[in-house]
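Chemist: My questions will all concern the structure given below.
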Amino acid sequence: MKIVVIQGPNLNMLGLREQNIYGPMKLEDIHAQMKGFADQNSLDIEFFQSNLEGEIVDRIQECIGDADGIIINPAAYTHTSIAIRDAISAVQLPTLEVHLSNIHQREEFRHTSLTAPVCAGQILGMGPFGYHLAMVGMTQILKEVSAMKQAREAQAQTQAQA
Ligand code: DQA
């Protein structure tokens, strides 16, 4: 099973940008923790960060046939990007949205997420720990998806034998 982690604009600046909001942890350290969790749970994981909307759309599309689930922090594009929302919706993979900050406690323009309605769930306001929660949540989703697939295959086999 493979998870692709997609990070939007300015998240490469974590550790430098607005530490009072985002904390001191760098993106590479968050990713190292996620990789540790993935290794412990025998999951493949790949990381992608871009400041460009089209590159994020491309990476989501590339998940078809490559990934089983997506963890995404679309950052500022959360509030503006119909293109990223459409890409998430198009690939039909379980997707979890993460925000380090509680976007509902911040400026009004951050209160709306265009992407959350096409995601399986959203985790916010937990800082870098939110990415760990997303890993736990995605592991559970992937287990459920795999169990459902096995049950469907068993049912199809029983029907074919009848
Ligand atoms: C963010 C929240 C967004 O509003 C903001 O533009 C970001 C980071 C977060 O993780 O809290 O860049 O997605």
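Laboratory data are not the source of any read-out in this text; all were calculated from the coordinates shown. All values derive from a computational prediction rather than experimental measurement. With ideal geometry, Cβ positions are generated from the backbone for all residues, glycine too; neighbour counts draw on all protein chains shown.
Chemist: Segment 98-162: which GluC sites (Glu not before Pro) are DSSP loop and have at most 11 other beta-carbon atoms within 10 angstrom?
Modeler: Of the GluC sites (Glu not before Pro), the ones in loops of segment 98-162 whose Cβ has at most 11 other Cβ atoms within 10 Å are Glu107.
Chemist: Within straight cross-link reach of Lys26, meaning Cα distance under 29 Å, which lysines are found once same-chain residues fewer than 8 apart are removed?
Modeler: Lys2, Lys35
Chemist: Can you give the alpha-carbon Rg of the chain over 2.2 N^0.38 Å, where N counts its residues?
Modeler: The chain yields a ratio of 1.11.
Chemist: Here is a further query. Mind putting a number on the dipole of the chain about its Cα centre? Charges go on the C-beta only, +1 for Lys and Arg and -1 for Asp and Glu, and I need it in Debye to the nearest 20.
Modeler: Its charge dipole is roughly 320 debye.
Chemist: Looking at segment 86-147, which trypsin sites (Lys or Arg not before Pro) are in a loop (DSSP not H, G, I, E or B) and have at most 15 other Cβ atoms within 10 Å?
Modeler: Sparse-neighbourhood loop trypsin sites (Lys or Arg not before Pro): Arg106.
Chemist: So, one more: Looking at the chain as a GNM with Cα springs under 10 Å, which of Lys35, Lys149, Lys26 has the largest mean-square fluctuation?
Modeler: Its mean-square fluctuation being the largest, the pick is Lys149.
Chemist: In a GNM of the chain with a 10 Å cut-off on Cα contacts, which of Gly65, Gly127, Gly36 has the highest mean-square fluctuation?
Modeler: Sorting by GNM fluctuation, first place goes to Gly65.
Chemist: For the chain, what is the mean residue ellipticity at 222 nm derived from helices alone (per DSSP H run of n ≥ 4: -39500 (n - 2.57); sum divided by total residues; nearest 500 deg cm²/dmol)?
Modeler: -14000 deg cm²/dmol
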